[in-house]
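See structure below.
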């Protein structure tokens, strides 16, 4: 049986690293693309360094990384940045542009490259966030970019007719983003931080490895949704948690 292939962006740490471990455990050949490189799995993944803010470097990096590959069972567009937790009125257009470049436009370039490559792709998953639809105060550039990423996936689903495309919210994951959010104490101005602070030390906050397992377990079920849809995995796996979150945000 042919070994399956997966491409994971942002695989040097956090969820991307967790996904790489989980895929390797399932005997995938993992191709990674990140700014720092995946030193933790240097002898187990096929890896290329690429700063996704440098649009001109993305195509050559993928040319090198995926040379000779004709089939990808899975592509995970995971790389992204948080930006500042701040009111939209206080975030400059220049800073919003930087966030959009990483979280949205770099993924457009990757998707365009994949379209032109002729590689057969079974499933594309973009890592989005509940922030894309909840609209909590302070999530500014992050929420805006993830909402745009959701629509990007919906539009590209028309252009990948033989590939299932989905943008997903994986839930809270214990990464450096959570560290940053827990260092912000202005919960009166940004009430959504209360839930994140409270998640520390509970089962609600998943380790990167546990989140990766959750995502891979959900992959078959994602195909029950129309290609291009945004799916919050909590809708499938933890509906009570999701409904409580939705109501809390609606009541603010």
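The values are calculated or read from the model by the stated rules, or taken from the named source; none is laboratory data. Remember, it's a predicted structure, so these values are computed and weren't measured experimentally. We place every Cβ from the backbone using ideal geometry, glycine too, and count neighbours over all the protein chains shown.
Restricting the range 35-87 to residues that are in contact (Cβ under 8 Å) with a residue 60 or more places away in the chain and farther than 30 Å from residue 189 by Cβ leaves a set whose member that is farthest from the chain's Cα centre (by Cα) is 69.
Checked against (1) in contact with a helix residue (DSSP H, G or I) (Cβ under 6 Å, 6 or more places away or on another chain); (2) at pLDDT below 95, residue 22 passes all but condition (2). Of the set (1) part of a loop (DSSP other than H, G, I, E, B); (2) crowded, with 16+ Cβ neighbours inside 10 Å; (3) in contact (Cβ under 8 Å) with a residue 40 or more places away in the chain, all apply to residue 12 but (3). Among the residues making up the range 91-107, those that are free of Cβ contacts under 8 Å to residues at least 40 places away in the same chain and part of a helix (DSSP H, G or I) are 93, 94, 97.
Within the range 26-41, the set of residues being touching a helix residue (DSSP H, G or I) at 6+ places or on another chain (Cβ under 9 Å) and assigned to a helix (DSSP H, G or I) comprises 40, 41. Scanning the range 27-48 for residues that are on the phi < 0 side of the Ramachandran plot and surrounded by 16 or more Cβ atoms within 10 Å (Cβ to Cβ) yields a count of 13. The set of residues in the range 137-168 that are farther than 16 Å from residue 81 by Cα and assigned to a loop (DSSP other than H, G, I, E, B) comprises 137, 158, 159, 160, 161, 162, 163. Scan the range 213-228 for residues that are out of contact with any strand residue (DSSP E or B) (no Cβ under 6 Å at 6 or more places or on another chain) and surrounded by 13 or more Cβ atoms within 10 Å (Cβ to Cβ) and the total you get is 7. Of all the numbered requirements in (1) without any contact (Cβ under 8 Å) to a residue 60 or more places away in the chain; (2) part of a loop (DSSP other than H, G, I, E, B); (3) within 13 Å of the chain's Cα centre (by Cα), residue 171 misses one, and that requirement is (1). When the criteria are applied in full, residue 203 fails the requirement of being over 21 Å from residue 137 (Cα atoms), assigned to a loop (DSSP other than H, G, I, E, B), at pLDDT 95 or above and over 18 Å from the mean Cα position of the chain (by Cα). In the set 178, 173, which member is buried (at least 16 other Cβ atoms within 10 Å of the Cβ), out of contact with any strand residue (DSSP E or B) (no Cβ under 9 Å at 6 or more places or on another chain) and more than 22 Å from residue 72 (Cα to Cα)? Of the residues listed, the single one that is buried (at least 16 other Cβ atoms within 10 Å of the Cβ), out of contact with any strand residue (DSSP E or B) (no Cβ under 9 Å at 6 or more places or on another chain) and more than 22 Å from residue 72 (Cα to Cα) is 178. Number of residues in the range 108-136 that are touching a helix residue (DSSP H, G or I) at 6+ places or on another chain (Cβ under 9 Å), outside any helix (DSSP H, G or I) and surrounded by fewer than 17 Cβ atoms within 10 Å (Cβ to Cβ): the value is 1. The set of residues in the range 42-61 that are in a helix (DSSP H, G or I) and in contact with a strand residue (DSSP E or B) (Cβ under 7 Å, 6 or more places away or on another chain) contains only 61.
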